[in-house]
Amino acid sequence: MGLIHQLVIPLALVAGSAVFAFADENASRYPAPSLTRPDSAEKAPNAAGFIQRWLILEPISCNGLTDSAVQAAVKAEYFPNQFSVVPRDGEAVTVGSTNLTWHAVDTKEYNVNLYHFAHSLGKPSSFVLFWALTVVNCSEELPGVSLAIGSNAASVWWVNGQEVLGIYGDRQTVIDDGVSRRLTLKKGQNIVRCAVINGGGATDFCARFLDPDEKPLKKFTVSVGEVAR
Amino acid sequence: MKLLALTEVILAFTAWHALALEGQVQIHDPSTIIQCDGKYYTFGTGGACLVSDDGWTWARGVTPARRGMAPDIIQLGDHYCLYVAANIGAQPKAAINLIWSRTLDSNSPDYKWEEAGVVASSDGIEDCNAIDPGVFLDPVEKKLWMVYGSYFGFIRLVQLDSKTGMRDPASQPLNIAINCEASDPIYNDGWYYLLATHGSCCRGADSGYNIRVGRARSISGPYLDHTGIDMIQGGGKLFLGSGGRVIGPGHFGLLDLGDGVQKFSCHYEADLDRGGASVLDIRPLLWKDGWPVAGENLKEGTYEIESARTGTALELAVEGMPVGGRRNRGNFGAGPGGPGSGGQRPNPFSGRGGVIPPQDVAQFSTNWPADNILVRLANYLCQAQQKWAFSALTNAGGYPGSPYFKITIAGTERTLAATKDGELVTLPAFTGGPEQLWRMDQLTDGTWRIMPKAVPKTKEPLAMSAIGASSVTLARFNPDSDKQRWLIKIP
């Protein structure tokens, strides 16, 4: 274990943003093949409009995927200002007696693989809740758009502090599984926040905005603030 | 007990009858239904005219200038051209005359029928009876045609002038079918179809009238049925026969409402709920495997509403409960069980014995919010919040063929409604607003378009639309998309 530790840390530093891996001597050493560290200030959505940059909090133990169980889980207070905070990469919060850290990630895919995320950190991926958020930057006001998401499993979503969507039950991620009612993205910064709750097995989510014609919206960028080196 | 059963039977028949066209609908041999200045018109034998504001409730109109048998009508430019047949003496000597008016609105100063002359005739000796005209504007060739004839001899085809509606003098009649009458061509996807009425009319409930069809690659035929028999040899695939409480359908007419919504009109020789009278009906026109199929207007009842696109079903956005209650996964095989189990875990695949009844909505709805509840799409699991009751409203108007419906969660008053933002919601109870009234049009593939009568603060016609796999909204209807196509299924 000590030899691997000695090898991994230099490898991670050399690779830089190429590999997302948590260099902690208590962690598993699995790199997250679909995730990287952000290396730019802002990122445009991909060709299909999917948001590929997020801040994700290490998972919190949680059980229950029914409507009522999920609603109760996401309304519980785990840390101060959890519905308004815009944390920085590397910032920690205390949940119960455990310190959990926010991590800035880019995904190479249309979805964010939380299983990869958790395992790369040596954290559990089953029966947990992941908080995630991103900052959506718009150069103009965009009315009549919808947030379209998929998740494994249940998830609840907020835009600028307002709950806009929830999907429940044990489900796989389906593109545009849930679509919010039409909303307005304001000029400037908009906060998209989600809580994804998994039962057992794989866990991931995807998100994009649809324009009034239900086509992928791409007139924005996302950012997560400064990324710790 | 007997009285209760009789009452239930009467109520069932009343519900069926309530879904037939409203108002004055008695007519024989109706023409194609035509629209003029927002109203619907049809003309029948003996100078009958019916008019409607919405295609659901009809009233007597004004008899046109020429009476006759089984007229047909078409609009050419600013002329409404009515083709009226009459026997000259005894059949089969007959003539079809054209009269036209700039409007069908008898209250308009432009309402005046002009005589244009004879378009086709039969001399009483030739093998044809020149009655029952059916006029058709070919959408491909842009040529105007008329078919005519009845049981005396052949159904014939002649070309008309597409501007005047009169006979092309160079066009000689062509025989295309036999042993039928009330013929009418339509076109769809590269094929010409000849709809024609077989069997006997005018005997009330003893009328064997039925509508049959053959198809051809050319307007001139040959029109073959699905078994390859030419209509000129008596062939014809059944399109519509007697059924339910109506006997003897005849005189097909196409009513194309656009956006992939097609209907047809006909009459029944005998409507048993109207004393056996001959009445007008309008029904959905479907297409299956290249053949027209007679659809049925939606009947009242409880249904699952399933998206043709996603396969998920409309439900209240409330937590569901499995039918029969929750149970744990994975408990199977030998092991400690509950009391009385003899120490054995129940096998989850063997069922529980006995019949698990449907959910009692009265029980489950106590857990639902009392005020407005949103809707969504989800995997159908036969649960109470997924079953919708369609109730016809006989005093709220309608649209061609059908009244508006209120849609409620079965067993409750919780009502589906449109919001001013063009979204969907359920209200605790029906209050009669137009945003709570629903129009159900069956599309040509058999799926349904579901539209509110009105959406507050917008005049744009919107239809229920799946967006994503689990969400539903209202959106402008796109006939090329399956987002706004719904299956109405027995739950």
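Every read-out reported here was derived from the displayed coordinates using simple, explicitly stated rules and does not represent laboratory data. Keep in mind the model is a prediction, meaning the values are calculated, not measured. All Cβ positions, glycine included, derive from the backbone under ideal geometry; neighbour counts span all protein chains shown.
The separation of the stretch B:62-128 from the stretch A:105-136, counted between C-alpha centres, amounts to 75 Å. Charged side chains reduced to their Cβ positions (Lys and Arg at +1, Asp and Glu at -1) give the stretch B:18-294 a dipole of some 220 debye around its Cα centre.
Among the GluC sites (Glu not before Pro) found in the stretch B:339-436, those both in a DSSP coil and sparsely packed, with 15 or fewer other Cβ atoms within 10 Å of their Cβ, are B:GLU413.
Since only B:LEU427, B:THR473, A:LEU165 are under comparison, the one whose Cα sits farthest along the positive direction of the charge dipole of the protein assembly as shown, derived from C-beta charges on Lys, Arg, Asp and Glu, is A:LEU165.
Other residues lying with their Cβ under 10 Å from the Cβ of A:TRP102 contribute a combined charge of -2, Lys and Arg counting +1, Asp and Glu -1. Of the two radii for the stretch B:18-294, the radius of gyration is 0.93 times the Kirkwood radius, both from the alpha carbons; that is the Rg over Rh value. Taking every lysine pair in the stretch B:18-294 that is 8 or more places apart or spans two chains, those with Cα atoms closer than 25 Å amount to 11. Look at the dipole of the protein assembly as shown built from charges on Cβ: of B:ALA85, B:PHE43, B:TYR404, the Cα furthest out on the positive end belongs to B:TYR404.
The label point for B:ASN379 and the one for B:GLN35, both projected 7 Å from the Cα toward the Cβ, are 4.3 nm apart.
In this calculation the C-beta distance from B:ALA396 to A:LYS218 is compared with R0 = 56 Å, giving a FRET efficiency of 0.80. With pairing defined as another cysteine C-beta under 4.7 Å, the cysteines of chain B that fail it are B:CYS36, B:CYS49, B:CYS81, B:CYS128, B:CYS180, B:CYS266, B:CYS382.
So which trypsin sites (Lys or Arg not before Pro) in the stretch B:81-140 are both in a DSSP loop and have at most 14 other Cβ atoms within 10 Å of their Cβ? Sites meeting the loop and neighbour criteria: B:LYS112.
Taking 7 Å steps out from each Cα toward its Cβ at B:ASP371 and B:ASP54 produces label points 3.1 nm apart.
For A:LYS187, a cut-off of 17 angstrom between C-alpha atoms picks up these aspartates and glutamates, skipping any fewer than 8 places away in its own chain: A:GLU42, A:GLU140, A:GLU141, A:ASP211.
When only alpha carbons are used to place a centre, the stretch B:264-319 and the stretch B:365-440 end up 18 Å from one another. The alpha carbon centroids of the stretch A:47-85 and the stretch B:143-186 are separated by 71 Å. Only Lys, Arg, Asp and Glu carry charge here, each on its Cβ (+1 for the first two, -1 for the last two); on that basis chain B has a dipole of about 1480 debye about its Cα centre.
Cross-link partners of A:LYS186 among lysines, defined as those whose alpha carbon lies under 26 angstrom from its own and excluding same-chain residues fewer than eight positions apart: A:LYS43, A:LYS75, A:LYS215, A:LYS218, A:LYS219, B:LYS420, B:LYS457. Note on B:LYS406: aspartates and glutamates with a C-alpha under 19 Å away, same-chain residues under 8 apart excluded, are B:GLU22, B:ASP54, B:GLU296, B:GLU300, B:GLU304, B:GLU306, B:GLU315, B:ASP371, B:GLU423, B:GLU435, B:ASP441. Sorting the Cα pairs of the protein assembly as shown by distance into bins of 10 Å, from 0 upward, gives 3, 12, 18, 17, 15, 13, 10, 7, 4, 1, 0, 0 percent per bin.
Over the protein assembly as shown, DSSP H runs of length four or greater, each weighted -39,500 (n - 2.57), average out per residue to a 222 nm ellipticity of -2000 deg cm²/dmol.
What is the diffusion coefficient of chain B in µm²/s, taking the Kirkwood radius over Cα pairs and the Stokes-Einstein relation at 20 °C with a viscosity of 1.002 mPa s? In µm²/s, the coefficient is 86.
Modelled spin-label separation between A:SER139 and A:SER40, with each label point placed 7 Å from Cα along the Cα-to-Cβ direction: 1.4 nm. 3J(HN,Hα) along the stretch B:281-293: 9, 10, 9, x, 9, 10, 10, 9, 6, x, 10, x, 10 Hz, from the Karplus curve 6.51 cos²θ - 1.76 cosθ + 1.60 with θ = phi - 60°, whole Hz, x for Gly and Pro.
For the protein assembly as shown, the dipole from Cβ point charges (+1 on Lys and Arg, -1 on Asp and Glu) about the Cα centre works out to 1300 debye, to the nearest 20. Translational diffusion of the stretch A:37-223 was estimated from the Stokes-Einstein equation, with Rh taken as the Kirkwood radius over Cα pairs; at 20 °C and 1.002 mPa s the coefficient is 131 µm²/s. Taking only C-alpha pairs under 8 Å that are 6+ residues apart, what is the relative contact order of chain A in percent? It rounds to 27 percent for chain A.
In chain B, taking the dipole from charged Cβ atoms about the Cα centre, the farthest positive-side position among B:CYS128, B:ILE27, B:THR227 is held by B:THR227.
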